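The values are calculated or read from the model by the stated rules, or taken from the named source; none is laboratory data. Being a predicted model, the structure only gives us computed values, none of them experimental. Note: ideal-geometry Cβ built from the backbone for every residue, glycine included; neighbour counts use all protein chains shown. Each accessible area value is taken on the protein alone, full model and side chains, heavy atoms only, with ligands, DNA and RNA left out. Shrake-Rupley method; radii C 1.70, N 1.55, O 1.52, S 1.80 Å.
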Amino acid sequence: MKVIVLVLMLLISTSIYCYEIPIGSFMPKGFFCDDLDRDGDVDLLVIAQNSNVHILRNNGDGTFSNTTSLPVGKTKSFTQKLYDFNNDGWTDIDGFSTTTDEYGNTQTILRIYLNSAGVFNENVYIDLSTMPQMNSGWVLYGDWNGDAYTDVLVWDDDMYYLVLNNSGVSFTITGETLAGVGWGGFRDMDSDGTDELFLSTSEGLRVYKYPNLISPFLVFPNNGYFRTVETEDMDRDGDLDIFISFCDGSTYSSVCIYENIGNYNYQAHNNIYHDNRDLDRVLLRDVTNDQYPDVVNYTYVSPYNPVGFDYPFSLFYLLPISMPNCNIYVEYSGFDYVDVDNNGFLDFVLVWEQAGARLRVYYNDGMGNFLDIPVVSNEDELVPNPEICLSVYPNPFTEKVKIEYTPCTTGEMVLNIYNVKGQIVRSYRESARAGELQCIQWDGNDDHGRSVSKGVYMCRINVPNSKQMFQRIIKF
């Protein structure tokens, strides 16, 4: 609690700066982020209303340049994640494309552009077979059949169509459909190798388990369709909990958490957070750096209180960010909290429309300051305390990486490995003695034994009475 209060005081007292660039004359609809060229820096994929995606390359100093565009359209995703469909280690880009047949009829198809060592060719792609989509928007991604390849559910006009990935070279539309359902997501909740499917319905949250898409495995009753469905280990007990938000359509939003208590049993924590705004773009991000995910809606942050899964309104606050002088709470905008400059803290990235698409990045130095330049240079080793030795090797790595450090104090050590969005993928706790070399070997798996995707991660070590230690890790 003292840490949170300190962070709040620092946030209130800080100055406001940002880095801003125009992107183009198009209308933006949000963005995604990933290290597309595997150079250790997070790139951005800005979605345009005119069925194009624009790739902004991170120049390595926290600034961006617009270098590539592809003629496909995507819908703003609540999860804002890209996928490697052929499992070659490079993130691909998918989207909807409209084609015209020989009779002049238009049809919409899902197209996947394959990433070739960081390069995208407009003529290198895979087209899924045609489906009765006219204005498709939503796609859910997951490994439904457990073959380690990303499958998709394509939504159109109140209907989802299941499409299986055949080893990244072709896709099969199974003919299985789901009607009367809204937003959802895939996640392997029981570590059995297949992803469960979560879908919002008028009766509540349905959970489907492979291979049954007819009868839900579980149903969590609630009123109304959910706007956000995410699965995270909210209380850090080793089990994935279910986080949902819902809204009455205009003026009132609420949050519910289904706590995973084991053996497919969940305890509901209803209406633990209220907001008089629409939480259509709510995110879970650890902005307060306390290892617990906070509820974030633009620059509104509600810190998580692990006692009773509560988000106390008394701790609700605004980040010290100067918003553009226009309405960014509309469709033509998007935001996320991403570690752009690799210093271990989440930066605020905003895309919005103002005489075209514009990008702003507010760099977080971890002390409550948001600056207009990257907080640290793009170095491999990011160690704020020179008295503590930290080494990671081999780096980059493919299978295993050793993390060695020598603490200057004795006590419990907490080592967390984060992805670029500040989400913990692996956590270690052990006793450490001052002056003694400590070694941890990370096998590239998360806390549930699943292999994490290739990309950039941040190792953060907390030792009593010492500053936090950071180092970037790249998995190939």
Checklist line | Every residue from the stretch 429-448 that is under 28 Å from Asp341 (Cβ atoms), free of Cβ contacts under 8 Å to residues at least 40 places away in the same chain and either within 22 Å of the chain's Cα centre (by Cα) or not in a strand (DSSP E or B) (or both) | finding: Asn445, Asp446
Next item on the list: Determine whether the stretch 105-114 contains at least one residue that is at positive phi and either modelled with pLDDT of 90 or more or of a type in the set (S, T, N, Q) (or both).
Entry: no
Next item on the list: Kindly indicate whether any position in the stretch 266-281 is small (Gly, Ala, Ser) and either at pLDDT below 80 or in a strand (DSSP E or B) (or both).
Entry: yes
Check: Quick one: Gly204 ticks every box in (1) more than 25 Å from the chain's Cα centre (by Cα); (2) farther than 29 Å from Asn52 by Cβ bar one, so which box is it?
Finding: (1)
Next item on the list: Can you tell me which residue within the stretch 199-222, out of those that are over 26 Å from Asp447 (Cβ atoms) and either at pLDDT below 90 or touching a His at 6+ places or on another chain (Cβ under 8 Å) (or both), is surrounded by the fewest Cβ atoms within 10 Å (Cβ to Cβ)?
Entry: Pro221
Next item on the list: Consider Ser215 carefully, then state whether it is in a loop (DSSP other than H, G, I, E, B) and touching a residue at least 60 places away in the same chain (Cβ under 8 Å).
Entry: no
Margin query: Restricting to the stretch 161-173, name every residue that is assigned to a strand (DSSP E or B) and more than 12 Å from Tyr208 (Cβ to Cβ).
Written below: Tyr161, Val163, Leu164, Asn165, Asn166, Ser170, Phe171, Thr172, Ile173
Next item on the list: Hey, can you tell me all the residues within the stretch 29-78 that are aromatic (Phe, Trp, Tyr) and under 23 Å from Ser453 (Cα atoms)?
Entry: Phe31, Phe32, Phe78
Next item on the list: Please indicate, with yes or no, whether at least one residue in the stretch 391-403 is modelled with pLDDT under 85, within 23 Å of the chain's Cα centre (by Cα) and of a type outside the set (A, V, I, L, M).
Entry: no
Next item on the list: Scan the stretch 32-83 residue by residue and report those that are hydroxyl-bearing (Ser, Thr, Tyr) and either touching a Cys at 6+ places or on another chain (Cβ under 9 Å) or over 18 Å from Val124 (Cα atoms) (or both).
Entry: Thr63, Ser65, Thr75, Ser77, Thr79
Notebook entry, point to check: Out of all the residues in the stretch 196-231, which are under 15 Å from Val139 (Cα atoms) and in contact with a Lys or Arg (Cβ under 6 Å, 6 or more places away or on another chain)?
Noted result: Leu199
Check: Quick one: how many residues across the stretch 389-411 are over 19 Å from Asn342 (Cα atoms), open to solvent by 20 Å² or more (accessible area, probe 1.4 Å), part of a loop (DSSP other than H, G, I, E, B) and not acidic (Asp, Glu)?
Finding: 5
Notebook entry, point to check: Condition test on Val414, is it of a type outside the set (Asp, Glu) and either buried (at least 18 other Cβ atoms within 10 Å of the Cβ) or under 23 Å from Val340 (Cβ atoms) (or both)?
Noted result: no
Notebook entry, point to check: Identify, please: which residue in the stretch 137-166 is among the acidic types (Asp, Glu) and in contact with a strand residue (DSSP E or B) (Cβ under 7 Å, 6 or more places away or on another chain) and is, among those, farthest from Leu178 (Cα to Cα)?
Noted result: Asp143
Check: Restricting to strands (runs of 3 or more DSSP E) lying wholly in the stretch 25-86: which have 2 or more residues that are in contact with a Lys or Arg (Cβ under 7 Å, 6 or more places away or on another chain) and more than 16 Å from Ser333 (Cβ to Cβ)?
Finding: 64-70
Notebook entry, point to check: Is one or more of the residues making up the stretch 378-388 surrounded by fewer than 17 Cβ atoms within 10 Å (Cβ to Cβ), at pLDDT below 85 and in a strand (DSSP E or B)?
Noted result: yes
Item checked: Filter result (open to solvent by less than 30 Å² (accessible area, probe 1.4 Å) and over 23 Å from the mean Cα position of the chain (by Cα)) within the stretch 137-161 -> Asp156
Checklist line | Single residue of the stretch 174-198 satisfying the filter (in contact with a strand residue (DSSP E or B) (Cβ under 8 Å, 6 or more places away or on another chain) and assigned to a loop (DSSP other than H, G, I, E, B)) that is most open to solvent (accessible area, probe 1.4 Å) | finding: Asp190
Notebook entry, point to check: Which numbered condition trips up Gly95, out of (1) open to solvent by 40 Å² or more (accessible area, probe 1.4 Å); (2) under 20 Å from the mean Cα position of the chain (by Cα)?
Noted result: (1)
